[in-house]
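Here the structure comes first, spelled out in structure tokens, and everything after it is commentary.
The values are calculated or read from the model by the stated rules, or taken from the named source; none is laboratory data. None of these values were measured; they are calculated from a predicted model. Note that we place each Cβ from the backbone using ideal geometry, even for glycine, and neighbour counts take in every protein chain shown.
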Amino acid sequence: MLADTNSKIINEIFGSDVCNVVAKPMGNSSLLGKFKSLIGWLDGLDPTVAQNCINKISDNKSDIVYIEGSNYGRLVKLAKKKVPSCKIVVFFHNVESRFFWGAFKKKPSLHALGVLLANFLAERLAVIHSDAIICLTDRDSKLLYRIYGRSGDYIVPISVFNDPRCDTKLSGKVPALGQDFGIFVGGAFYANVEAVRWLAKYVAEDLSCQIYILGRGFEDYLDEFSDCKNIAVIGEVDSLNEWYRRAKFSIAPIFDGSGMKTKVAESLMFGRPILATSEAFVGYDDVHGKAGLVCNHAQEFVKSIRDIINGSVTFDEEFLKSLYKKNYSYEAAREKMRFIFSEVASENLLS
């Protein structure tokens, strides 16, 4: 989602002046594929894709190249070698080595170790050979320095594109208007799965409303949470819009991760308060304490949910939407990216 938004922004503002290089992610579970990932061929990048990208850079004759994702470090290195005069800007969605370290710690295996090593090596190449690094948060920038000896050059918070064309999509599973419920939104990767398990174990029993779990992959956890009081797993849905509009709140008991949590910006976009841990609010410095309630312990979540349901704590929907528009909208990101690439272009002219 963020990659699509960034790509749209780059193409809209700069057109052919900035070469926007995209490698489409795809899995390769073969033994050979796993070996190739250790030398930088991962997430859809292979020698053919890389050569096509290099050809695009050469044909485009742009002074600036934009690459989405630190996992494409092999491509960054090749682009710098083949077209040394170009300035390469890389957007880091996470500190990938930190993200996959967390996954490895949670579920150690040779596969998880290999994924961690492959992403560390690829990300290291991106750090070494890029001319400008964009990070989502100051924490990620500092973590890059700790791991690789170089911090980010720019901070651009996450942005969420509000596409009105999605408004007509409605899942039949959305509760009727007037029902009090909350939602947890996110794909079934390790930090989100652990968050839902924690929610089910320590919070859900004491609630007077239902929490719906929405996100790709969670349908695989239907059996695990089938007997959990006040937890209803839905999984992937066509559109989240009506879920957000009808929910009283969203919830994010996230205790591990990197980058920024999209669910916070999404919640603001729909004017819904979010009850979240300090970890989930990382990167949301401009709205911390305004977007919802910070909860780091089970009883804090229970009390906050009760307060919102009974109306003793309220949030102004239009104010929350204004926070989104000012800080995390497509328009806000576009202005930040315009400034960054203008500065990189100026440096290129002076060099």
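From S312, S322, grab the single residue that is in a loop (DSSP other than H, G, I, E, B) and either modelled with pLDDT of 95 or more or not β-branched (V, I, T) (or both).
None of the others qualify; the one that does is S312.
Considering only the stretch 300-315, how many residues are closer than 19 Å to V287 by Cβ and either in contact (Cβ under 8 Å) with a residue 24 or more places away in the chain or outside the structural domain of I254 (by TED's automatic domain parsing) (or both)?
3
From the list L75, L144, L113, exactly one residue is within 19 Å of the chain's Cα centre (by Cα) and in a helix (DSSP H, G or I). Which is it? Steps first, please.
Values: L75 fails: within 19 Å of the chain's Cα centre (by Cα); L113 fails: within 19 Å of the chain's Cα centre (by Cα).
Checking each option against the conditions leaves just L144.
For residues in the stretch 180-193 being within 21 Å of the chain's Cα centre (by Cα) and of a type in the set (F, W, Y), which is surrounded by the fewest Cβ atoms within 10 Å (Cβ to Cβ)?
My answer is F189.
Scan the stretch 84-108 residue by residue and report those that are buried (at least 21 other Cβ atoms within 10 Å of the Cβ) and among the small types (G, A, S).
Listed by number, the list holds a single entry, S97.
Does G283 fit the bill of being free of Cβ contacts under 8 Å to residues at least 60 places away in the same chain and farther than 16 Å from V185 by Cβ?
Answer is no for this residue.
Output the residues belonging to the stretch 249-266 that are under 15 Å from L214 (Cα atoms), out of contact with any Leu (no Cβ under 8 Å at 6 or more places or on another chain) and not aliphatic (A, V, I, L, M).
K261, K263
Answer yes if at least one residue in the stretch 250-269 is without any contact (Cβ under 8 Å) to a residue 24 or more places away in the chain and part of a strand (DSSP E or B), and no otherwise.
Within the stretch 250-269, none of the residues are without any contact (Cβ under 8 Å) to a residue 24 or more places away in the chain and part of a strand (DSSP E or B).
Just to be sure, is D223 of a type outside the set (S, T, N, Q), more than 18 Å from the chain's Cα centre (by Cα) and under 30 Å from S70 (Cα atoms)?
In short, no.
Just a yes or no: is a residue in the stretch 194-207 touching a residue at least 40 places away in the same chain (Cβ under 8 Å), in contact with a helix residue (DSSP H, G or I) (Cβ under 6 Å, 6 or more places away or on another chain), closer than 27 Å to K336 by Cβ and surrounded by 13 or more Cβ atoms within 10 Å (Cβ to Cβ)?
So far as the stretch 194-207 goes, no, none of its residues is touching a residue at least 40 places away in the same chain (Cβ under 8 Å), in contact with a helix residue (DSSP H, G or I) (Cβ under 6 Å, 6 or more places away or on another chain), closer than 27 Å to K336 by Cβ and surrounded by 13 or more Cβ atoms within 10 Å (Cβ to Cβ).
Taking the stretch 212-249 as the search range and keeping residues that are part of a helix (DSSP H, G or I) and of a type in the set (S, T, Y), which one is surrounded by the fewest Cβ atoms within 10 Å (Cβ to Cβ)?
Going through the stretch 212-249, the residues part of a helix (DSSP H, G or I) turn out to be 218-221, 241-246.
Add one more test, that the residue is of a type in the set (S, T, Y), and what stays is 221, 244.
Working: Y221: 16, Y244: 19.
Ranking the candidates gives Y221 first.
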